[in-house]
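These notes are about the structure you will find just below.
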Amino acid sequence: MQFETSPNYLLRGLLAVVGTFIIFLGLNVGLGGIQTLGWQGGAADFLIVTNAAVFDVRDSHVRFIGGVWLALGLLMLAGSFAFQRLRSVLVAVAFMIFIGGIARLSGGDLTLLLSPDIAPSFLFEIIIVPLLGVWFTKAERP
């Protein structure tokens with residue numbers, strides 16, 4: 001892989017930081033399932049399984065979603081090294097994260113979305129990531 005050079009150091013650095021954080025979250029959920037590995041704190045029990053067969057199916061789906069999140073983080077990290085080549089992919093990733101944030105609204109509890117436990121993620125997904133997507137499209141081209 002040939003690394004690209006451009007004056008977009010701030011953008012590339014931000015992509016590396018955001019990508020690494022998303023990788024961390026993806027591993028936490030992908031390897032830990034519904035209960036996660038507890039890397040985000042709060043290892044308290046919050047779940048009682050009353051139907052193991054259904055739980056196992058849902059847990060498998062959550063692990064898949066964690067793996068997808070991991071892959072999106074890896075793409076963002078790769079974009080910090082190969083921004084020009086991955087620009088359109090990064091715009092698509094930003095759009096996907098924005099749509100995921102909007103999907104949170106389907107829970108119908110705005111108080112929860114604005115709580116300290118969810119608000120940082122939610123606001124990142126619906127405000128910061130779209131701004132990053134615009135930056136990706138407008139960043140200097142070689």
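Relative to the current alpha-carbon distance between Ala82 and Thr137, full extension at 0.36 nm per residue lengthens the span by 18.3 nm. Here the Karplus relation 6.51 cos²θ - 1.76 cosθ + 1.60, evaluated at θ = phi - 60°, turns the backbone of region 123-128 into coupling constants of 5, 4, 5, 9, 10, 5 Hz, with x for every Gly and Pro. When the helices of the chain are scored as -39500 (n - 2.57) per DSSP H run of n ≥ 4 and the total is divided over every residue, the value at 222 nm lands at -22000 deg cm²/dmol.
For the chain, hydrophobic long helices are taken as DSSP H runs at least 18 Å long by C-alpha position along their axis with mean Kyte-Doolittle hydropathy of 1.6 or more; these are 9-32, 83-103. Temperature 4 °C, viscosity 1.567 mPa s: under these conditions the Stokes-Einstein estimate for the chain, based on its Kirkwood radius over C-alpha pairs, is 79 µm² per second. In this simple spin-label approximation, Leu37 and Leu123 carry label points 7 Å from Cα along the Cα→Cβ vector, and these lie 2.8 nm apart. Calculated from the alpha-carbon coordinates, region 19-58 shows an Rg and a Dmax of 11.8, 36 Å respectively.
Quick note: the coordinates plus some simple rules give every number you see, no bench work behind them. Treat the numbers as computed from the prediction; the structure is a model and nothing was measured. Please note: Cβ atoms are built from the backbone with ideal geometry, for glycine as well, and neighbour counts cover all protein chains shown.
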